[in-house]
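Colleague: This structure is in structure tokens; I'll ask about it shortly.
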Amino acid sequence: MHSTALAETKTRHGIWPYIRIARVDHWFKNAFMLLGVLLAFFYRPQLWDSGSIIPLTLAVVSVCLIASSNYVLNELLDGPLDALHPVKKYRPVPSGQVRPALAYAQWLALAAIGIGAAFLVNPYFAACGVWLWVTGIAYNVPPIRSKDVPYIDVLSESVNNPIRLLLGWFALVTDLLPPVSLILAYWMVGAFFMAVKRFAEYRHIADPKVAAAYRRSFAHYTEDRLLVSLFFYATACAFFAGIFIVRYHVELILFVPVAAGLFAYYFKIGLQPNSPVQNPEKLYKERRFLLYGIASLLLFVALMFVSIPSLYDWFNIAPSTVAPLWTVGPGGAK
């Protein structure tokens, strides 16, 4: 009995619960920076050298720390509501394994170190890092608390996708902005994935009253409304992505059916009972989906850096000479 009590004490007051609320296992989401990095190499092939390793490494560390700061805040403010969830009630905060004062200090410390590291990369990257941190506050903290507002909850969380794209871009390029069409398409990709997560959560709870008590936006949602929103996000993504493909790199049109398959596959997983999309960090257990995703990424990368002149003839499109749309700063910083 004494050993059991001692183990419980260590669990309650040890460091592990604080590591858990930082959600280190969610750092994989920062892979969404990769598109920005690929774009930078696409427009500036000369960046492909060893000199890019240090800023990219520092950039990834910075974003991981800022993201963990947001996760800690989310865990703290959602603790009382997580206690109403059949699974999340066992998380460190609702189960009483962390001290709120220490966790708030952890939130600020992670942000300070992460943003400090961001300034070592460059000011534009740092500005996006601060933006990422501020969106976490707007998402979680009253009176804004955008996660409580139907549809805005999905859009305000998925905006982290285009922010990460810009973080990947500004880690290497500081005088230009990437195409807005791709930024908006990337936002809608994130919105689609987040809406599937909401849909799976709502179905898993299977009780509208319990769902509304757990998450205020669920008081408005129904399965039908969430399905309609999924259609909107997927369609918007397709339109914006189509603009980017035709305007900048028509070779990516070959990726369209593969991307459509990825959306359909993810939604199929979202329809499963107790779907793993509720906790995306567990999607690695879906081995076939993981392999499909990796293969899709490799195809996308390959198509970004190859030229297929015949495609321009088939689709009657002139090869683009258009640069990214806007210059950053007076004349841009080289």
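The values are calculated or read from the model by the stated rules, or taken from the named source; none is laboratory data. Here the structure is a predicted model, which is why all the values come from computation and not from measurement. Quick reminder, even Gly has a Cβ in these numbers, built from the backbone with ideal geometry, and neighbours come from all protein chains shown. Ligands, DNA and RNA are excluded from the accessible area calculation, which covers all protein heavy atoms including side chains. Shrake-Rupley method; radii C 1.70, N 1.55, O 1.52, S 1.80 Å.
Colleague: Only one of these conditions is not met by M33: (1) open to solvent by less than 30 Å² (accessible area, probe 1.4 Å); (2) touching a Lys or Arg at 6+ places or on another chain (Cβ under 6 Å); (3) at pLDDT below 90. Which number is it?
Modeller: The failed condition is (3).
Colleague: Assigned to a helix (DSSP H, G or I), crowded, with 18+ Cβ neighbours inside 10 Å and more than 19 Å from the chain's Cα centre (by Cα): which single residue out of I163, I183, I245 fits that description? Outline the logic, then answer.
Modeller: Details: I163 fails: more than 19 Å from the chain's Cα centre (by Cα); I183 fails: more than 19 Å from the chain's Cα centre (by Cα).
Exactly one residue qualifies, and that residue is I245.
Colleague: Also, quick follow-up: Given the structure, is L230 part of a helix (DSSP H, G or I), within 30 Å of P143 (Cβ to Cβ) and free of Cβ contacts under 8 Å to residues at least 40 places away in the same chain?
Modeller: On the way: part of a helix (DSSP H, G or I): yes; within 30 Å of P143 (Cβ to Cβ): yes; free of Cβ contacts under 8 Å to residues at least 40 places away in the same chain: yes.
Spelling it out, L230 is indeed part of a helix (DSSP H, G or I), within 30 Å of P143 (Cβ to Cβ) and free of Cβ contacts under 8 Å to residues at least 40 places away in the same chain.
Colleague: Okay, moving on. Taking V60 as the residue in question, decide whether it is open to solvent by less than 50 Å² (accessible area, probe 1.4 Å) and touching a residue at least 24 places away in the same chain (Cβ under 8 Å). So that I can check it myself, show each step before the final result.
Modeller: On the way: open to solvent by less than 50 Å² (accessible area, probe 1.4 Å): no; touching a residue at least 24 places away in the same chain (Cβ under 8 Å): yes.
No, not satisfied.
Colleague: Could you say which residue among Y71, Y124 is open to solvent by 50 Å² or more (accessible area, probe 1.4 Å) and either hydroxyl-bearing (S, T, Y) or touching a residue at least 60 places away in the same chain (Cβ under 8 Å) (or both)? Don't jump to the end; show me each part of the working.
Modeller: Working: Y71 fails: open to solvent by 50 Å² or more (accessible area, probe 1.4 Å).
The unique qualifying residue is Y124.
Colleague: Do you know which of the residues in segment 203-223 that are open to solvent by 60 Å² or more (accessible area, probe 1.4 Å) and touching an Asp or Glu at 6+ places or on another chain (Cβ under 7 Å) is modelled with the lowest pLDDT?
Modeller: Restricting to residues being open to solvent by 60 Å² or more (accessible area, probe 1.4 Å) and touching an Asp or Glu at 6+ places or on another chain (Cβ under 7 Å), the top hit is R216.
Colleague: Can you find even one residue in segment 1-11 that is more than 23 Å from the chain's Cα centre (by Cα), open to solvent by 50 Å² or more (accessible area, probe 1.4 Å), modelled with pLDDT of 80 or more and more than 26 Å from N160 (Cβ to Cβ)?
Modeller: The answer is no, given that none of the residues of segment 1-11 is more than 23 Å from the chain's Cα centre (by Cα), open to solvent by 50 Å² or more (accessible area, probe 1.4 Å), modelled with pLDDT of 80 or more and more than 26 Å from N160 (Cβ to Cβ).
Colleague: Got at least one residue in segment 37-52 being modelled with pLDDT under 95, surrounded by 15 or more Cβ atoms within 10 Å (Cβ to Cβ) and acidic (D, E)?
Modeller: So far as segment 37-52 goes, no, none of its residues is modelled with pLDDT under 95, surrounded by 15 or more Cβ atoms within 10 Å (Cβ to Cβ) and acidic (D, E).
Colleague: Count, please, the residues in segment 296-323 that happen to be part of a helix (DSSP H, G or I) and open to solvent by 60 Å² or more (accessible area, probe 1.4 Å). Lay out the reasoning, then the answer.
Modeller: Step one: of segment 296-323, the residues part of a helix (DSSP H, G or I) are 296-304, 309-314.
From the residues that got through so far, the ones that are open to solvent by 60 Å² or more (accessible area, probe 1.4 Å) too are 297-299, 309, 313-314.
Counting residues in segment 296-323 that are part of a helix (DSSP H, G or I) and open to solvent by 60 Å² or more (accessible area, probe 1.4 Å) gives 6.
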